[in-house]
Structures are given as C-alpha cells and as structure tokens.
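The values are calculated or read from the model by the stated rules, or taken from the named source; none is laboratory data. Computed from a prediction, not measured in an experiment: that's the story for all the values here. Note that each Cβ is placed from the backbone with ideal geometry, even for glycine, and that neighbours are counted across all protein chains shown. Just the protein is used for accessible areas: all its heavy atoms, side chains included, with ligands, DNA and RNA removed. Shrake-Rupley method; radii C 1.70, N 1.55, O 1.52, S 1.80 Å.
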Amino acid sequence: MIVKRKIVALLSIVVLLCGCSKEMNEPWMSLTADDLELDVVLTPRSFENQIYTSYLYQIPFVTEYKGVNVENLLTKDLFCISLLCPKRGAELELKMHESELNEEVIEHYVSSGGKDTLWMQPRMIWKYDVLRKFDKTRNMAFRWTISSEGEEICSIERTFSCRSISQCVNALKIAPYERPEGLNVNSDGAVEIPEMFAGYVEEENAAIDEIMNHALTDCELPLGFNGYLSQSEDYLFQQMCAIWYVLQQHGIHYSNATYIPGIAEGVKVQNVRFFSQILAQSQANCVEGTCLLASIYQRFDLYPFLISIPGHIFLGIGNAEGELTYFLETTMIGNVNLDQYSTDEEKWTASKANFKEAMDVAKQEYEEAKPHLEAGDSYYSLINLDQVRRYIPSINYGNVQTNANGKIVLVK
C-alpha cells in the first residue's frame, strides 16, 4: 500500500512538471523560431501602416504639448514590436536593420514568459537629411531580428507606406488607452497639432535675399528692411507690403491644392508646398501663403504668428514687443492683377490697397476666432513662431534658381 502511494505521488509530480514545461523556465532549454510570436505596430496606432517623414523630422524635440507629457506618444520611436516568448527571463537582443531612412539599432530585453506580451520600442536613429528630401510617397520594407545567447532565432519584416515630406500631419486620433492624462482632444478624439505647419516656414531659404533685394529696388524703402527699428507703424506697413508687392509681381495666386488620397483614417494630413515650390509654381493655398510670408517676415526680425481656425490658417504679426497686433489674409494676394496698370506707381498703389484690405479681412477673422482661442478650443490655435521654433525645426526643403534659359527651377 505504501509503495502504491509513492508511485501515485511520483506520477503527480511528473504530471505537474509536464504542465509547467510550456513556460520553459529551465535555463538549459534554448529557444527556436517556433517558440516566438512577433508583430509590429506603429505609435500612435492611428498611423496604421503609414510612416510620415515630415512628422519624424519635426517630432524629436517635442516632449510636452500644452503642458502634458507626450514623450511616449508623439515620439520618434515609431515602432512597437510585440513578443510572446514561453521562456521566462530569457535575454533577448532585438536588432532593427538599417534602411534608407534609419540607422541600425540594437536593444536588449528580458522575456516575461508564458502568455505575457513583451513590448519592445527601440530608440530610433533616423537619417534626417534623407527624411527632409523624401519627396515621393512609396512603399518600404523594414526588418527586425531576434537573437538569444548569440544565436539568431527569427526575423520579421513589415512593409509600410512612407509618405512624402510635403504631407504635414496636423491632427491624429488617440485611443483612450494611449492618451496621457490631461491631453486635450477634439470632438473626434483627435489631438490637433497645427504647430507642425511651422516646419514649412523657411526663414533660412536663400531665395528670401533675392526677394528682399527686389523689394528694395522697386519700392519706397529709404531705411531698408530694419524691422521695428524705425519705430514707425507706417514704415513697418511699407516693409510688409513691399514683400507682398514683389510676390504679386512674381504672379503668386491662391490655389487650394490640399487633397491627399489614401491617408490613414485616424490622421489629418495636408499637402504643403515648400517656399521654392511656391515660387516655381506661382501658387499657394492658405497654409503655404501664410508660411511663405512668415518666412520672409521672420527673416527681417518681425514676429510672425500662424493662426489656425477650422479649415483655414492666416497670418498674424506682432508689434515691437512681440504682442500680436496685425493680421493678414494671405489668400488675397492674387486678388489684384498688376498687369492692368500702366505705371509702377499705379501698381504700387493698387498693391498697397489690396494689402490693406487683406489686413482688414484677417483682423475680422481674428476677432471672430478670439473667444475660441481664449477658451482653449482644440480646433483653434495661436502659434507663436518664435516660441514654436524652439522645438519644431524648419525642414528647409530646397532652393529656387534661374537656369540658363531664364526659367525658375527647384534645386533640392
């Protein structure tokens, strides 16, 4: 009887050990590819299978947004790799292989074991000069390898749609489980980030010097471009209008080309032409015209603001103390045809009248938006370019040049 009891106890121990064997707790049990389950998702999840190069170029310095820590949400570390590994405590090496857009990255993790998912989010090293010149949307494959104890176990490859640098992410849906406490979202559950448009303000573009020199030749600017130094509101108006006049001479007019097919449903994206593209094509939508004027005004030390309201952006300009004082509706730049006037004086007079009208219209727009701005409405934003530039860099895509035939061409 005693012998029988010992046999039953021994069998129970064997059954118990067999039941635990799936967790592979013994250190001598090595891993194989069949033991692991891997998957890759993007952060935030609303990106789905799309990588926005403009977002990656601008996001590295964004750690807080409107007082909320978003370092783990709005992040350059885009990829989250989920791993199921039956062996608890296994030391794993994750290698993200080099691609056209990123350097090779290696990170180390310890497996949770059983059915517990290990989430790995490698610290990405992007090739920023490649990102800012990524001008055509196309599919790209990315590859990750898992190794343990010096032996490669398995790899995973995923293909994503990598979007052109001209596609600006300015809002994205955030799932409740992703959302940091206190983050302000709109009625669709998306966080509005129109500050990203500041990346398309190019105060360092070389073409600005040419435009300013042209203005000095054609307009009444005896003190040159001296910003606020003249302490004269009339002369400040003359400087701002002189730039407007030169752009009108160049034929810049409003064009509402913003639609982008095939974008992720949870992301709001707008196509934004760069400074040199606007000059080469002589057309601009509201964002592009605002960024174009802000680029030039920033260059001679004014204080530009981007004012974002639902479906529209217009320009604000500060006074000598940087306080928002003047407003400009940039879409009105093509409302006057200078060719219908015979003399330069008539053209200059017509341009100033058009500029004043554009200022009056924008001021009315601001007065209507002001209660929403003061209430913190998520669909309205006042973007102080001087402040935003501390964490949103200018992309500075390219420059415009005139070729031997006198044609304006884009040089990247």
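With all pairs of different C-alpha atoms in the average, the Kirkwood value for the hydrodynamic radius of the range 349-392 is 12.5 Å. When the chain is described by a simple charge dipole with +1 on each Lys and Arg Cβ and -1 on each Asp and Glu Cβ, the residue from Ile260, Ser276, Val105 located farthest towards its positive end is Val105. Report, to the nearest 10°, how far helix 2-20 tilts away from the longest principal axis of the Cα atoms in the chain, using its own Cα long axis and a range of 0 to 90°. Taking Cα atoms only, the helix is inclined about 20 degrees. Figure note: Tyr55, Tyr380 ranked by solvent-accessible area, largest first, 1.4 Å probe, ligands and nucleic acids not counted: Tyr380, Tyr55. Normalising the Debye intensity of the chain to I(0), with uniform scatterers on Cα atoms only, and taking log10 at q = 0.06, 0.08 Å⁻¹ returns -0.35, -0.55. Remark: spin-label model distance Arg88-Glu178 equals 3.2 nm, labels positioned 7 Å along the Cα→Cβ axis.
Give, as ranges by residue number, the residues of the range 207-228 whose backbone N falls under 18 Å from the point 7 Å along Cα→Cβ of Ala320. The answer is 222-228, whose backbone nitrogens lie closer than 18 Å to the label point. With respect to the chain, whose longest principal axis is taken over its alpha-carbon atoms, helix 344-375 is tilted by about 40°.
About the Cα centre of the chain, what is the dipole size in debye to 20, counting +1 per Lys and Arg Cβ and -1 per Asp and Glu Cβ, all else neutral? Walk me through the numbers on the way to the answer.
Values: 34 positive and 56 negative charges, 344 e Å.
It works out to roughly 1660 debye.
Build a GNM of the chain with springs between Cα atoms under 10 Å apart, and of Gln231, Gln249, Gln239 the one that fluctuates most is Gln231. Projected onto its three principal axes, the C-alpha set of the range 86-142 covers 45, 18, 12 Å, listed from the longest axis down.
Between Gly311, Gly224, Gly376, the GNM of the chain built on Cα springs shorter than 10 angstrom shows Gly311 fluctuating the most.
In whole angstrom, note down how far apart the Cα centers of the range 55-121 and the range 236-250 are. Their Cα centres are 49 Å away from one another. Look at the dipole of the chain built from charges on Cβ: of Ala190, Leu229, Ile146, the Cα furthest out on the positive end belongs to Ile146. In this simple spin-label model, placing a label point 7 Å from the Cα along the Cα-to-Cβ direction at both Asp188 and Asp34 gives a separation of 4.8 nm.
The long axis of helix 207-218 is offset from the longest Cα principal axis of the chain by roughly 10 degrees.
Dipole of the range 107-253 computed with +1 at Lys/Arg Cβ and -1 at Asp/Glu Cβ about the Cα centre; of Leu118, Leu131, Leu172, farthest Cα towards the positive end is Leu118. Highest GNM mean-square fluctuation among Gln340, Gln121, Gln248, for the chain modelled with Cα contacts below 10 Å: Gln340. Rounded to the nearest 0.05, the FRET efficiency derived from the C-beta distance between Gln281 and Thr217 at R0 = 30 Å is 0.80.
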